[in-house]
Amino acid sequence: DLTRDLAGRHVVVSAGGTREPLDPVRFLGNRSSGKQGYALARSAAARGARVTLVAANAALPDPAGVDVVPVGTAVQLREAVLKAAADADAVVMAAAVADFRPETYAAGKIKKQDGQEPAPIALVRNPDILAEIAGERARPGQVIVGFAAETDDVLANGRAKLARKGCDLLVVNEVGERKTFGAEENEAVVLGADGSETGVPYGPKEALADVVWDLVAERLS
Ligand code: PMT
């Protein structure tokens, strides 16, 4: 019976896009809606898993029976993922995490000054959460899944990212201003650290979620 194949498992899913504040009214963000991550959370819950959903700025209803942890920034997302991952069987990083954040936060709204050039925004690196939890740092038996959002040379970039990040599975999907971000559908190739490549044709984000959990369940048993 495949339908409850994640019963007794604790899985962690990150979803949505981080927002890195510049001042009380502005942030650097991205186009993630959270839909792919929420589909993963719903699918895992339906298959019997206990699910922790770390949700960054997603305006979506809480999936039934799922423990939702709302976060804003990449640093907050890291804290929540590391905490939940400590006793998790699998972690799926579907969130779009900012690689950089503004170096400084202005406590008051940044004002434009008459006749002055705009000040450049200095950025600093955010922690790479996926690299931090994958590979040698994973708990024994834990399955770590990353996503790769690419606009060009999609598969080649995905293969390089799999090697760099050290995760067990990497879901490679193409993105654009209106492609995948916010859409109900997705298509992807899921790369395995074992060299496997699983194509998932264009269809509902739930269908891709189910393939991801199939591949995770194979690796857990
Ligand atoms: O939310 P939707 O509108 O449904 O859109 C879905 C999606 C396009 C956001 C999703 O399918 C997707 O591709 N998510 C990953 C987006 C992303 O940040 O990709 P990346 O290639 O920049 O990062 C690679 C991986 O490293 C990701 O698993 C990411 O979560 C993780 N990462 C990235 C940067 C960072 N500092 N820490 C990380 O852990």
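Read the figures in this text as sums done on the coordinates, not as results from a lab. Predicted model, so just to flag it, every value in this text is computed and none were measured. Counting neighbours? That spans all protein chains shown, and the Cβs are built from the backbone with ideal geometry, glycine included.
Our coupling estimate for the stretch 36-46, obtained by passing each phi through the Karplus curve with A = 6.51, B = -1.76, C = 1.60 and θ = phi - 60°, is 5, x, 5, 4, 4, 5, 4, 4, 5, 5, 5 Hz, Gly and Pro reported as x. The string of couplings for the stretch 65-81 from the Karplus curve (6.51, -1.76, 1.60, θ = phi - 60°) is x, 10, 7, 9, 10, x, 9, x, 9, 4, 5, 5, 4, 4, 4, 5, 5 Hz, one whole number per residue in order, with x for Gly and Pro. Under 5 Å from the amide H of A106 lie the amide H atoms of D23, each residue being 5 or more positions distant or on a separate chain, with H modelled from the backbone and absent for Pro and chain starts.
Multiplying the residue separation of D153 and Q76 by 0.36 nm and subtracting their alpha-carbon distance yields 24.6 nm. Once the C-beta distance of R178 and Q113 is scaled by a Förster radius of 35 Å, the resulting FRET efficiency is 0.45 to the nearest 0.05. Note on K165, K111: ascending count of other Cβ atoms within 10 Å places them as K111, K165, the fewest first. Extending 7 Å from the Cα toward the beta-carbon at both A122 and A106 defines two label points whose distance is 1.5 nm.
Computed from backbone phi with θ = phi - 60° and the Karplus coefficients 6.51, -1.76 and 1.60, the 3J(HN,Hα) list for the stretch 137-154 is 7, 5, 5, x, x, 6, 9, 10, 10, x, 10, 10, 9, 10, 9, 8, 6, 4 Hz; x is used for glycine and proline. Protection proxy ranking of 44-55, 126-137, by the mean of other Cβ atoms within 10 Å over each peptide's residues and highest first, is 44-55, 126-137. Distant-in-sequence amide contacts of N57, defined by a placed amide H-H separation under 5 Å and a gap of 5 or more residues or a different chain, comprise V71. Rg of the Cα atoms in the chain, relative to 2.2 N^0.38 Å, amounts to 1.05. Taken as Cα centroids, the stretch 153-221 and the stretch 1-57 sit 15 Å apart, rounded to the nearest whole angstrom.
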